[in-house]
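Notes follow once the structure below has been shown.
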Amino acid sequence: MASSGVVGSTMVMMQKHWQLISAYGIGLIFWLAFYLWQHPPIQWAISLSTLQTLLILALLYPILEELVFRGLIQSWLLEKKWGHISWWYVSLANMLTSLLFMGLHFFQHTPLWAIAVLLPSLIFGYFREHYAQATYPLLPSISLHCFYNAGWFYLFGLRHI
């Protein structure tokens, strides 16, 4: 009997968070498609310094970026009446925050890769707003950002570090 309660609560959680679960799945599908297209060599053994760099890129930077962009900037823009105006589930606050996020990536990336940051940023912003009433409203955007960065840098970025 106890196991049916666990299964039932798991199903309720999955129904409630299907969009967030799907966002993780999108990351996996993107990595697989890009891997099949590019066939990058995967490094199974990595040095300690490379692991440290990967942890900075996959944990520290995404946490700091989400605190600044979604926690401060997007939250501040959402305090404005016009910040909630939205098109296709994307608020003006999310769009402006994501454009700023993308713009700052031009300093570190080629133009194509800086532009490619826009879609994930909009996804992070969507979940920041979708979970705004939660105890930890930034947790979904932080965890997604860490997940996306970890997969990306492990599969494609380590050879450039």
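The values are calculated or read from the model by the stated rules, or taken from the named source; none is laboratory data. Please read these numbers as outputs of a predicted model, since none were measured by experiment. Ideal geometry is used to build each Cβ from the backbone, glycine not excepted, and the neighbour counts take in all protein chains shown.
If residue 142 passes every condition in (1) surrounded by fewer than 21 Cβ atoms within 10 Å (Cβ to Cβ); (2) more than 15 Å from residue 78 (Cβ to Cβ) but one, which one does it miss?
The failed condition is (1).
For region 18-90, give me every one of the helices (runs of 4 or more DSSP H) that falls completely inside it and has 1 or more residues that are at pLDDT below 95 and either closer than 16 Å to residue 140 by Cβ or basic (Lys, Arg) (or both).
Here the list reads 18-38.
Please determine whether any residue of region 41-49 is at negative phi and within 20 Å of the chain's Cα centre (by Cα).
Checked against the condition, which is being at negative phi and within 20 Å of the chain's Cα centre (by Cα), region 41-49 yields no hits at all.
Each row is one residue, and each column tells you yes or no for (1) touching a Phe, Trp or Tyr at 6+ places or on another chain (Cβ under 8 Å); (2) modelled with pLDDT of 95 or more; (3) under 19 Å from residue 21 (Cβ atoms); (4) in a helix (DSSP H, G or I).
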{"position": "97", "(1), (2), (3), (4)": "yes, yes, no, yes"}
{"position": "100", "(1), (2), (3), (4)": "yes, yes, no, yes"}
{"position": "103", "(1), (2), (3), (4)": "no, yes, no, yes"}
{"position": "107", "(1), (2), (3), (4)": "no, no, no, no"}
{"position": "114", "(1), (2), (3), (4)": "yes, no, no, yes"}
{"position": "122", "(1), (2), (3), (4)": "no, yes, yes, yes"}
{"position": "141", "(1), (2), (3), (4)": "yes, yes, yes, yes"}
